[in-house]
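Okay, structure first, notes after.
The values are calculated or read from the model by the stated rules, or taken from the named source; none is laboratory data. Given the structure is predicted, the values throughout are model-derived calculations rather than measurements. For neighbour counting, all protein chains shown are included, and Cβ atoms are generated from backbone atoms with ideal geometry for every residue, glycine included.
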Amino acid sequence: MLEEASELIGLQVYTNQGIYLGDVSNLVVEVDDNKVQGLFISNTNPMLVEESKAVNVPFRWIGAMGDVIILKYFPKRVALKKGGPKKKASSAESD
């Protein structure tokens, strides 16, 4: 049984289908309430997360914790936003 939240760091995370998602690299903590809000997962599986980017998994998605973490929910695939922030076109004003 886990005695400290910091013991979650380094654990492997799996979906409810048994697919490896990644490793816990940090915790997302609500300082005012002293509660863990989520897990920051790095080294993510490129089959689940586009470009293997790190993701934040809400704590409520966790189904079981022990030697590994099993999620009760995770989207089929996490994709990066398309067309990010638009660059402002510089226009030269002529008189």
>> Cβ contacts < 7 Å: first residue at negative phi and surrounded by 13 or more Cβ atoms within 10 Å (Cβ to Cβ), restricted to region 29-45; second residue in a loop (DSSP other than H, G, I, E, B) and among the β-branched types (Val, Ile, Thr), any location; separation 6+ or different chain. Result?
In response: Asn45/Ile19
> Could you say whether any residue in region 52-65 is in a helix (DSSP H, G or I) and more than 12 Å from the chain's Cα centre (by Cα)?
Replying inline: yes
> If Thr44 passes every condition in (1) assigned to a loop (DSSP other than H, G, I, E, B); (2) at pLDDT below 95 but one, which one does it miss?
Replying inline: (2)
>> For region 1-16, give me each residue that is modelled with pLDDT under 85 and within 17 Å of Leu48 (Cα to Cα).
In response: none
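Restricting to region 1-28, give me the number of residues that are in a loop (DSSP other than H, G, I, E, B) and surrounded by 12 or more Cβ atoms within 10 Å (Cβ to Cβ).
From region 1-28, those in a loop (DSSP other than H, G, I, E, B) are 1-4, 9-11, 15-19; that's our starting set.
Keeping just the survivors that are surrounded by 12 or more Cβ atoms within 10 Å (Cβ to Cβ) gives 9, 11, 15-16, 19.
Total meeting the criteria: 5.
Which of the residues belonging to region 65-76 are surrounded by 10 or more Cβ atoms within 10 Å (Cβ to Cβ) and either at pLDDT 95 or above or more than 21 Å from Glu7 (Cα to Cα) (or both)? Lay out the reasoning, then the answer.
First pass over region 65-76, keeping only residues surrounded by 10 or more Cβ atoms within 10 Å (Cβ to Cβ): 65, 68-75.
Within region 65-76, Val68, Ile69, Ile70, Leu71, Lys72, Tyr73, Phe74, Pro75 qualify.
Checking the structure you have, find out if any residue of region 17-36 is among the β-branched types (Val, Ile, Thr) and at pLDDT 95 or above. Walk me through it before giving the result.
As a first pass, look at region 17-36 and keep what is among the β-branched types (Val, Ile, Thr): 19, 24, 28-29, 31, 36.
Add one more test, that the residue is at pLDDT 95 or above, and what stays is 19, 24.
Yes: one or more hits.
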